[in-house]
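Read through the structure below, which is laid out as structure tokens, and then see the notes.
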Amino acid sequence: MSTAFARISRVLLGVTLAMSAVSVMATGTPPEVHVDSGQLSGIRNARMGLDEFKGIPYAAPPLGALRWKPPQPVAPWIGVRKADRFAPRCMQRPLFSDMVFRSNGMSEDCLYLNVWTPAHSEGKKLPVLVYFYGGGFLTGDGSESRYDGASLARRGIVTVTVNYRLDVFGFLALPALARESPYHATGNYGLLDQNAALHWVQRNIAAFGGDPSRVTIGGESAGSMSVSAQMASPLSKGLMHQAIGESGAVLGNLKPRPLALSEQQGEAFMRDVGAHSLADLRAMSADKLLKACGDKSAAAFGSTIDGFGPNIDGWFFPRSPEAIFKAGEQAHIPLLVGSNSQEGYYASLFGDKPPTPANYRAVLEKQFGSQANEALKLYPGQTEAQVKASGTALAGDQFIAFATWRWMHLQRQTGEAPVYYYYFDKGRPAKRDGSAGPDPGAVHSGEIEYALGNLDGNHVYAWTPVDRRVSTTMEAYWANFIKTGNPNGKGLPHWPATAPKDGGLLRQVIGAHTHTIVDHKAARYEFLQHFEPDAHL
């Protein structure tokens, strides 16, 4: 497993955002819509003025012979199908304690999506957001409260969350799978699921009042990486018109694995489970395959979690996303992208040693060898306070901020559309139960509830008026961008598209004091780009 993937897993383990389900007041006659596979009935949320449709199938269940196949069309149904509860989440290990699901159990039969839309929106042409969850491509679900689409829907946006296959079910690659593919491709089934969902949106979102020509795709962490992947893939050209990326991209140190490496991983897995053929693998129970991925919870894994991820398969990715973005072959659409102030934490660099300048130098010498002095110039550590600040910056850069910067950088160079670059720095407040004080910075995934207007869905933290003000600002930026391709609007601090200024780039700090800065971090990222050219997921 790569160092970059281990960093993702290590940082995600420290995130704690336990949440409870959001209640819905359903009254009156259930709303109905007709999609290409049949009639659906949903929930009329009278209190919020919304129609909600949950558990809509967008592809056939990937069971039996369809396990490790690209998603196939949904079989039409007769009569009215209820879409009033979340469907099962995709097969996954219980890795991260911050994920609180409202899904109906867990199953391989998981290719469903959810839609929130203003009530009585038939015939309207509202902007659309399709949001992909995070979780390292190992876990996650569209039912999580922090991704709830009601708040954005109340702003006049048709909001969609999508389930996609994960871990071995979503990303197993094998030469035998490539041989049976008409495109000689293997792996990336989870990304193909997302692509199928985007095709479903193009065919069906008008029935919910959405405009298929105004689709924004968004996501956080692995969901953000998914957004960059969909932008790079020729299979998704024309299916989205704007993009939002919150901390993550399939670029820089998080580039997809080479196909050969993924196939080697797949063959090793096949041997480990005692399978001698694809038929053997497909005959095994999902539980057995999941158990073979790892029996332990995340807390027991220490610093690494083995898992499957995207690869350069020659079809979804005809070549590396780096090459695609460099050549300007990605989607030329407006991009809103950024990362948080505390994506990592200095303690992860030191193990059980104190963060002294001497120990910090030893860490950098071990990581960067002869280039340790250059690293010290970019991440200085002459005092303990400086070590903590620089160590936190380095841990966050190496985890996910560098890859996010690389996406912004290449899209700005070749994307022929505006890029809006942010830096979120609002730490979460103290916990309600008094077990922890305020976060010193904005941790990985800490922006989600602010951006999507879902603070009230998270009862772990004692949200303050400042938190609510930050959420109001951030959600308004997101909503404006979804509607117009520009985050600016009345009453908001002006956010310029990123552009060179004074030796840096314009960037929007979003937090208690939202304002524009000139960001000078490029030298750090260029150093990491030079030092880790072969890193991958």
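The values are calculated or read from the model by the stated rules, or taken from the named source; none is laboratory data. All values reported here derive from a predicted model rather than from experimental measurement. As a convention, Cβ positions derive from the backbone with ideal geometry for all residues, glycine included, and neighbour counts pool all protein chains shown.
Remark: pairs (first residue in segment 101-130, among the basic types (Lys, Arg); second residue part of a strand (DSSP E or B); Cβ separation under 7 Å; 6+ apart in sequence or on different chains) = 125/211.
For every residue, the table says whether it meets (1) without any contact (Cβ under 8 Å) to a residue 40 or more places away in the chain; (2) in a loop (DSSP other than H, G, I, E, B); (3) buried (at least 19 other Cβ atoms within 10 Å of the Cβ); (4) among the small types (Gly, Ala, Ser).
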site	(1), (2), (3), (4)
240	no, yes, yes, no
244	no, no, yes, no
250	no, yes, yes, no
265	no, no, yes, no
274	yes, yes, no, yes
279	yes, no, no, yes
282	no, no, no, no
287	yes, no, no, no
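No other residue among 168, 160 is assigned to a strand (DSSP E or B), over 14 Å from residue 222 (Cβ atoms) and out of contact with any Ser or Thr (no Cβ under 6 Å at 6 or more places or on another chain) apart from 160.
Within segment 188-238, the residues that satisfy the criterion of being buried (at least 24 other Cβ atoms within 10 Å of the Cβ) and in a strand (DSSP E or B) are 210, 215, 216, 217, 218, 219, 220.
Within segment 422-434, residues that are within 24 Å of residue 405 (Cβ to Cβ) sit with their Cβ atoms under 6 Å from residues that are modelled with pLDDT of 95 or more and hydroxyl-bearing (Ser, Thr, Tyr), at 6+ positions apart or across chains, in these pairs: 425/341; 428/461. Scanning segment 49-86 for residues that are farther than 30 Å from residue 280 by Cα, hydrophobic (A, V, I, L, M, F, W, C) and either within 22 Å of the chain's Cα centre (by Cα) or buried (at least 20 other Cβ atoms within 10 Å of the Cβ) (or both) returns 50, 53, 56, 83, 86. Restricting attention to segment 464-495, the residues that are in a helix (DSSP H, G or I), more than 22 Å from residue 215 (Cβ to Cβ) and among the hydrophobic types (A, V, I, L, M, F, W, C) total 2.
Scanning segment 289-332 for residues that are more than 20 Å from residue 222 (Cβ to Cβ), at pLDDT 95 or above and assigned to a loop (DSSP other than H, G, I, E, B) yields 314, 315, 318, 319, 327, 328, 329, 332. Just the residues that are out of contact with any helix residue (DSSP H, G or I) (no Cβ under 6 Å at 6 or more places or on another chain), in a helix (DSSP H, G or I) and farther than 19 Å from residue 246 by Cα, please, taken from segment 449-463. The answer is 456, and nothing else. Step by step: first the residues of segment 39-89, then only those that are touching a helix residue (DSSP H, G or I) at 6+ places or on another chain (Cβ under 8 Å) and among the basic types (Lys, Arg), then the one that is farthest from residue 189 (Cα to Cα). Which residue is that? Result: 67.
If you filter segment 145-164 down to residues that are buried (at least 24 other Cβ atoms within 10 Å of the Cβ) and touching a Lys or Arg at 6+ places or on another chain (Cβ under 8 Å), you find that the one that is nearest to residue 131 (Cα to Cα) is 163.
For segment 360-389, enumerate the residues that are farther than 13 Å from residue 348 by Cα, in contact (Cβ under 8 Å) with a residue 40 or more places away in the chain, of a type outside the set (A, V, I, L, M) and in a helix (DSSP H, G or I). Once the filter is applied, which keeps residues that are farther than 13 Å from residue 348 by Cα, in contact (Cβ under 8 Å) with a residue 40 or more places away in the chain, of a type outside the set (A, V, I, L, M) and in a helix (DSSP H, G or I), segment 360-389 yields 368, 371, 374. Looking at segment 496-503, is at least one residue free of Cβ contacts under 8 Å to residues at least 40 places away in the same chain and within 27 Å of residue 368 (Cα to Cα)? Checked against the condition, which is being free of Cβ contacts under 8 Å to residues at least 40 places away in the same chain and within 27 Å of residue 368 (Cα to Cα), segment 496-503 yields at least one hit.
Take the conditions (1) under 13 Å from residue 345 (Cα atoms); (2) in a loop (DSSP other than H, G, I, E, B); residue 392 misses just one of them, which is (2). Residues that are modelled with pLDDT of 95 or more, hydroxyl-bearing (Ser, Thr, Tyr), under 22 Å from the mean Cα position of the chain (by Cα) and not in a loop (DSSP other than H, G, I, E, B) do occur in segment 118-138, at least one of them. For segment 325-361, filtered to residues that are surrounded by 22 or more Cβ atoms within 10 Å (Cβ to Cβ) and aliphatic (A, V, I, L, M), the residue that is nearest to residue 415 (Cα to Cα) is 331.
Just to verify a result, which residue in segment 171-187, among those that are not aliphatic (A, V, I, L, M) and not in a helix (DSSP H, G or I), is surrounded by the most Cβ atoms within 10 Å (Cβ to Cβ)? So, considering only residues that are not aliphatic (A, V, I, L, M) and not in a helix (DSSP H, G or I), the one surrounded by the most Cβ atoms within 10 Å (Cβ to Cβ) is 187.
Evaluation of residue 416 against the conditions (1) surrounded by fewer than 23 Cβ atoms within 10 Å (Cβ to Cβ); (2) at negative phi shows that the sole unmet condition is (2).
On the given criteria, is residue 145 touching a residue at least 40 places away in the same chain (Cβ under 8 Å), closer than 23 Å to residue 171 by Cα and not charged (D, E, K, R)? In short, no. Quick test for you: out of 450, 461, pick the one residue that is crowded, with 18+ Cβ neighbours inside 10 Å, within 21 Å of the chain's Cα centre (by Cα) and hydroxyl-bearing (Ser, Thr, Tyr). Sole residue among the options that is crowded, with 18+ Cβ neighbours inside 10 Å, within 21 Å of the chain's Cα centre (by Cα) and hydroxyl-bearing (Ser, Thr, Tyr): 450.
In summary, residue 91 fulfils each of the numbered conditions (1) surrounded by 16 or more Cβ atoms within 10 Å (Cβ to Cβ); (2) assigned to a loop (DSSP other than H, G, I, E, B); (3) touching a strand residue (DSSP E or B) at 6+ places or on another chain (Cβ under 8 Å); (4) without any contact (Cβ under 8 Å) to a residue 60 or more places away in the chain with the single exception of condition (4).
Of all residues in segment 103-120, those satisfying the criterion of being crowded, with 20+ Cβ neighbours inside 10 Å and within 30 Å of residue 155 (Cα to Cα) are 103, 110, 111, 112, 113, 114, 115, 116, 117.
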